[in-house]
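The values are calculated or read from the model by the stated rules, or taken from the named source; none is laboratory data. Quick caveat: nothing in here was measured; it's all calculated off a predicted structure. Because the Cβ atoms are built from the backbone with ideal geometry, glycine has one as well, and the counts that use them run over all protein chains shown. Each accessible area value is taken on the protein alone, full model and side chains, heavy atoms only, with ligands, DNA and RNA left out. Shrake-Rupley method; radii C 1.70, N 1.55, O 1.52, S 1.80 Å.
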Amino acid sequence: MRRFHERQARSSPTRTKAFPMQLQRSHLHFLMLFGATFLPACGGGDGDNQQQSSAGTSGAGIGGAAATGGSSSGSSGAAGSASGATTGGAGGAGASGGTAGSTASGGGPSGAGGLGGSSGSGVSGSAGLGQAGSFETGGPTCGIQGGTGGPSGPTPALPPGEWVNITPNLQDFAGDPGSGSFGQGIAVDPCNPAILYFSLCNFDTSKGGLYKSTDGGMTWNKMGELDAPLAVRVDPNNPDHLYAGSGVRGSTMGFWESQDGGVSWQKPEGWNSPGLFIDDVYEISVNPEDFNHVLVSSHSPWDWADVAAGAGIMETHDGGDTWTPHPPVGPWGMGHGIWFLNNAQTWLLGTQDNGYWRTTNAGESWEQVSTVNMAHGGGQVYIAENGTMYVSSGEGTLRSEDDGASWQRVGDVTFTTAIFGDGSLLYTNQGYAGNIGPFHVSSEDDGMRWEPYRGGEQTFANGPDEFAFDAVNGILYASNWGDGLLALKVE
């Protein structure tokens, strides 16, 4: 599977508490968006799409104080900072709903419309998170006609600092991906973070599928017919527009697109390459400045008559209508991870047979930057606010201070398939290796010294395959190989 592997687990984990961590909503680098789904900017959508409090109850704007009795008009949110480093003001609460936060050019999170009483509508502001989809600041918005705008749906009341299992109560997560269901991808809707997409897999593909929640994981519905989805990506300009990769097993292998929020899926007509087997998709990476620019890796060799040649990378600049194959360089093998780094031309490729490779010219040439192999099952890249890059690997977390040109191993956890941060702490854990252990964390300002989260009070089976972060509500999601989909309300 690739770097989008989710974790499904037992329904009620008895796990750790964690030491305090402060969420800094500063502008985290773009890979939080599409490598593991940070929230891009959300323009003003139709306020009627926002969930409202029931009549007579108080409705709080996101980050704002609740109004009593749902009777007061909400106040407008303050403008987001143009620098992307501070948060936008929160819309007020009340019967009529808060007004929009003022527009800022790629600044902090938009002022959220108040989740008012039953008559309130509350429109979201148009200023976006500093990670609005560009490699630095600003970027696309969610201001489509009739589209969702800002944080509108409910999310569960989670105890701060404690991992909670929110896995769909549908499958047996036996702790071992070989004997039960296991998670693959986790994605957060960038314009309504209460909407989650969870890729559930099983060696019995009749038990797999893509699941969607509109209430932060409290309830789930199966979407479409994909039987082994590994990854989902959500368009920050149109959150009903999705990409999904399906591979490794099943009857729905390939690159898929949805225009209706996952209800139906189609392969783009251009998804083919004569003479190459490309349907066994392993990883999808999206350019955070351009959702039409996509990179796709393969689990299988491109040519079964020449298995040793391995597989390369497929690239599209038009959303899948046409594709360019980038052939493998040297003994890459197959089953790769692929990620954009700090611009559209710089990519990192993880191989299971020949280390990590980087291109700075969009695949025209490649240089090996580490002899450490990517873990089987995939990986994840995270770029911290200070520009330091992290990638999971078969030998643990790797760290780079030179834009991916060289890497060093950090921490004591070996064989990782996911790494992510919330703006304050970095998180990882050992992948599927038969282990039962805690998440490990390090300060984003450091990244060298790691320790068990909250002293290791909570333990989980077989670690995370992919993380995603809801910066609006401060919730980190971890899709564990053997222990289900977990949610952490950061402190």
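List of remarks:
- Filter pass, SER297 being of a type in the set (S, T, N, Q) and touching a His at 6+ places or on another chain (Cβ under 9 Å): yes
- Residues in the stretch 265-288 that are closer than 16 Å to PHE198 by Cα and open to solvent by 20 Å² or more (accessible area, probe 1.4 Å): TRP265 only.
- Look at (1) over 19 Å from TRP481 (Cα atoms); (2) open to solvent by 20 Å² or more (accessible area, probe 1.4 Å) and you find that CYS191 fails only one, number (2).
- Screening SER258 with (1) at pLDDT 95 or above; (2) open to solvent by 10 Å² or more (accessible area, probe 1.4 Å); (3) over 27 Å from ASP403 (Cβ atoms) gives one miss only, at (2).
- Condition met for VAL232 (open to solvent by less than 30 Å² (accessible area, probe 1.4 Å) and either of a type in the set (Val, Ile, Thr) or assigned to a strand (DSSP E or B) (or both)): yes
- Within the stretch 313-332, considering residues that are surrounded by fewer than 19 Cβ atoms within 10 Å (Cβ to Cβ) and small (Gly, Ala, Ser), the one modelled with the lowest pLDDT: GLY330
- Only one of the listed residues (VAL372, VAL391) is out of contact with any helix residue (DSSP H, G or I) (no Cβ under 7 Å at 6 or more places or on another chain), under 14 Å from TRP339 (Cα atoms) and open to solvent by less than 40 Å² (accessible area, probe 1.4 Å). That residue is VAL391.
- Index of the failed condition, SER479 passing every other in (1) of a type outside the set (Asp, Glu); (2) under 14 Å from THR397 (Cβ atoms); (3) modelled with pLDDT under 95: (2)
- Members of the stretch 440-469 that are among the aromatic types (Phe, Trp, Tyr), within 21 Å of PHE182 (Cα to Cα) and either touching a Lys or Arg at 6+ places or on another chain (Cβ under 9 Å) or open to solvent by 30 Å² or more (accessible area, probe 1.4 Å) (or both): PHE460
- Residue in the stretch 150-172 that is closer than 21 Å to HIS299 by Cα, modelled with pLDDT of 85 or more and buried (at least 22 other Cβ atoms within 10 Å of the Cβ) present: no
- One residue alone among GLY355, GLY377, GLY337 is open to solvent by less than 50 Å² (accessible area, probe 1.4 Å), touching a residue at least 40 places away in the same chain (Cβ under 8 Å), touching a strand residue (DSSP E or B) at 6+ places or on another chain (Cβ under 6 Å) and not polar (S, T, N, Q), and that residue is GLY337.
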